[in-house]
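Below is one structure, written out as structure tokens, with a few remarks after it.
Every read-out reported here was derived from the displayed coordinates using simple, explicitly stated rules and does not represent laboratory data. Remember, predicted model here, so these are calculated numbers, not experimental data. FYI the Cβ positions are ideal-geometry reconstructions off the backbone, even for glycines, and counts take in every protein chain you see.
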Amino acid sequence: MTGSEDSPAFRLAYVPGVIPAKWVRIWNERRTDVPLTLLQVPAADVGALLLTGDADAGLVRLPVDRTVLSAIPLYTETSVVVVPKDHVVAAVDEVTAEDLADEIVLHPLDDTLAWENLPGRPALERPATTEDAIELVAAGIGVLVVPQSLARLHHRRDLTFRPVTDAPESQVALSWPENRTTDLVEDFIGIVRGRTVNSSRGRREEPQPKQPKPRKTPNTTATKGRATGKNPRSNSTRQNKPRRGR
């Protein structure tokens, strides 16, 4: 548990492009006793933030260091190429990496795509951030391949983007320090996995006491018959039987 014992809190880091709003809303509905604090951090810094204990969990882009961090993959994003609106790529629905062979493809230092071979021609220098690279694209200096959510995050009216069918995809995951899987982390895992509030692996519930089984009420008529050794129906049968005339 994080924070003081009197006022626990849950700190969730998230990288640019990831939108945690849905999960935060569910948390606020279920855990009204524990506030959730959001921390937006660069993708390159989120691992260190988790390991230093400055965040309890994070919505990150894989890969992460699995020797010290646990991770649950959540979804995968298509990668797109960002180009000026008057670029030839804007006239088609999608492209391949080979289609970018003659382009200067910018490769920012905070790039999270696992390229084996970056397409196109390299720029003279690597931009420091994706945001810087977007500015260079707008200036006509090159193109940029990024996860689709980052293209939307840095949207400009003079730019557009198209899917790159064979580019590496970006996988978003929930991650936390392996040695700090707290009850609150378990609660958030349950939320992102879609568990209901009553799920056995969601928020811990107090065990309910077992209810005693209801006692059977004895059949008094049958019991009376057994006690006297007589059939309880015999008298009524004889009484209802019509008598013979003399």
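Quick notes on this one:
- Exposure proxy ranking for Asp99, Asp158, based on other Cβ atoms within 10 angstrom of each Cβ and starting from the fewest, stands as Asp158, Asp99.
- Of the trypsin sites (Lys or Arg not before Pro) in the stretch 92-164, the ones in a loop by DSSP (not H, G, I, E or B) with at most 15 other beta carbons within 10 Å are Arg156, Arg157.
- The Kirkwood hydrodynamic radius of the stretch 2-88, based on inverse pair distances between different Cα atoms, is 15.0 Å.
- For Tyr14, the amide hydrogen comes within under 5 Å of the amide hydrogens of Leu39, Gln40, Val41, Leu59, counting only partners 5 or more places away or on other chains and with H modelled in the peptide plane.
- Look at the alpha carbon pairs under 8 Å that are at least 6 residues apart: their mean separation over the length of the stretch 71-205 gives a relative contact order of 37 percent.
- Here the spin labels are modelled as points 7 Å beyond Cα on the Cα-Cβ line, and at Glu131 and Lys22 they lie 2.7 nm apart.
- Put simply, the amide H of Glu178, placed in the peptide plane, has neighbours under 5 Å in Leu69, Ser70, leaving out anything fewer than 5 places away on its chain.
- The charge dipole of the stretch 100-189, taken about its Cα centre with unit charges on the Cβ of Lys, Arg, Asp and Glu (plus for the first two, minus for the last two), comes to roughly 360 debye.
- Per-residue Cβ neighbour rank within 10 angstrom, fewest leading, Tyr14, Tyr75: Tyr75, Tyr14
- With the simple model of a label 7 Å out from the Cα in the direction of the Cβ, Leu124 to Asp166 spans 3.1 nm.
- Simple Cβ-charge dipole of the stretch 49-160, Lys/Arg +1 and Asp/Glu -1, about Cα centre, in debye nearest 20: 180 debye
- With both residues required to sit in the stretch 1-83, DSSP beta bridges show an antiparallel share near 10%.
- Cα extents of the stretch 64-156 along the three principal axes, largest first (Å): 45, 29, 26
- Leu74 long-range amide H proximity, modeled H, under 5 Å: Val172, Ala173, Leu174
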